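Asks: Let me give you the structure first, and then I'll get to my questions.
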Amino acid sequence: MGIALAGDDVTSRGPVRRALDLLYLGAGYAAGAFMVAIFAIMMIMSIGRQFAVNIPAGDDFASWCMAAMAFLGLAHTFKRGEMIRVGLLLERLHGRTKQVAEVVALGIAAAFILYFTRHAVQMTYDSWRFNDVAQGVVALPLWIPQLGFSGGLVILSIALIDEMISVVGGNRPSYEKGSPDETPDEFIERISQGGGG
């Protein structure tokens, strides 16, 4: 027996919706794991200096973890409404006009991200195909750290297309927080409690 969250209609969520939500959540957890890895590497390198302990290519590993963290966290951040959006125009629109504007905005964002994703995946594939290795102390195949970068962009592309299909279907965007009738005071209170805008 599962526990339903407030406002979560479990019966209406199909297997595809659950799989996509798990994908975004898993990417978010992976981003968190890379953040912990960055902390661990930096602490070991800092404290290790006192005891002549060194991580070979520690700076490289920290930077690869940082890239993976940043890109793997994008889809989860977007779907939760925590990504910075400039909604000056969209906030003034209502009804069908707002829905069309949201679809256009999501379509433009998806087009840019798909273009970026295509080149990131191609770069990762080329690194694997040509057996490129890192130029630092540890000759790690470059496609391995590039997987976090290109994988995060693939998941973000899926999230944008998923969101666009949902909004075309007449649903409210998942990244919108608060109710449409929220007063400015309620908005300020929600933001002060840690809710996204």
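Asks: DSSP loop (so not H, G, I, E, B), at most 16 other Cβ within 10 Å: list which chymotrypsin sites (Phe, Trp or Tyr not before Pro) in the range 31-83 pass both filters.
Replies: Nothing satisfies the criteria.
Asks: Another question, if that's okay. Could you point to the residue in G148, S63, G81 farthest towards the positive end of the range 36-159's charge dipole, with +1 and -1 charges on the Cβ of Lys/Arg and Asp/Glu respectively?
Replies: Sorting the options by dipole projection puts first G81.
Asks: Rounded to the nearest 20 debye, what is the charge dipole size of the range 1-134 about its Cα centre when +1 sits on each Lys and Arg Cβ and -1 on each Asp and Glu Cβ?
Replies: The dipole magnitude comes to about 420 debye.
Asks: With every protein chain left in place, what is the accessible area of M123 in Å² (1.4 Å probe, nearest 10)?
Replies: Roll a 1.4 Å probe over it and M123 shows about 80 Å².
Asks: Roughly how compact is the range 1-138, stated as its Cα Rg over 2.2 N^0.38 Å to two decimals?
Replies: Cα Rg divided by the expected 2.2 N^0.38 Å: 1.45.
The values are calculated or read from the model by the stated rules, or taken from the named source; none is laboratory data. Remember, predicted model here, so these are calculated numbers, not experimental data. For neighbour counting, all protein chains shown are included, and Cβ atoms are generated from backbone atoms with ideal geometry for every residue, glycine included. Heads up: the accessible areas ignore ligands, DNA and RNA and are worked out on the full protein's heavy atoms, side chains in. Shrake-Rupley method; radii C 1.70, N 1.55, O 1.52, S 1.80 Å.
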